[in-house]
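One structure is given here, and the rest of the page talks about it.
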Amino acid sequence: MSLDPLAILTAFGLIFLAELPDKTMFASLAMGTRMRPLYVWFGTSTAFIVHVAIAIGAGSLIGLLPDWIVKLVSAALFAFGAFMLLRGGGDDGDEETETKTVTGFWPVYSTAFMAVFISEWGDLTQITTANLAASNGTWSTAIGSAAALMSVSALALLAGRFIATRVPLKTVQRIGGLCMLGLAIWSVTEIFVG
């Protein structure tokens, strides 16, 4: 196993730029305003690492999955996230509702993991990772791709935490819920357009 620093940097740069405008980044941002950011990051990072491993090990098999099913499940998860965010923003002055939304490690971790795991199937970054692995080496591509995906998630969560300290929580929840609802609609639209 030899690591190529240039291949690591190439994978990092390409994947980082491809993931920045991705819906998963916005989902991470929204989850980070509602849930404990570190727990969300562990969940998203684990899902990204699994996807990198899948892309490296079986990139050609990803195309065999029924795309419309993946997008439909992704839309359902985003819609559920929107429901949870918008439901929590309705009662003015109810502090207990706000603290109840912050759950323990495993519920937050599994929610973040599943949201990313399902929505990233066949994503541009996964396909790019598979293509890079074929030409630049598997380990170098895996390290660069995983680091890029985890970095984008961390940036989104930091931005979410920064916004949450400057904007009232209910406003952030409503905006986050609307973003998640938009992502759900976008995922359903991709079934018919793509």
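For a test of the definition: using alpha carbon positions, the gyration tensor, and the 1.5 limit on a/c, classify the stretch 119-194 as rounded, prolate or oblate. Can you show the working numbers first?
Numbers: a/c = 5.96, a/b = 1.52, b/c = 3.93.
Since a/c reaches 1.5 but b/c is at least a/b, the shape of the stretch 119-194 is classed as oblate.
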- Inter-site label distance for I69 and L17 at 7 Å from Cα along Cβ, in nm: 3.5 nm
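What does the charge count near L132 come to, summing +1 for each Lys or Arg and -1 for each Asp or Glu among other residues with Cβ under 15 Å from its Cβ? Numbers along the way, then the final one.
Numbers: positive: none; negative: D4, E19, D123.
Value of the local net charge: -3.
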- Query: For the pair T165 and N131, how long in nm is the line joining their label points, each one 7 Å along Cα→Cβ?
  - Reply: 4.0 nm
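Just so you know, all these numbers are worked out from the coordinates, no wet-lab data involved. The structure displayed is predicted, hence computed values, not measured ones. Cβ atoms come from the backbone with ideal geometry, glycine included; neighbour counts cover every protein chain shown.
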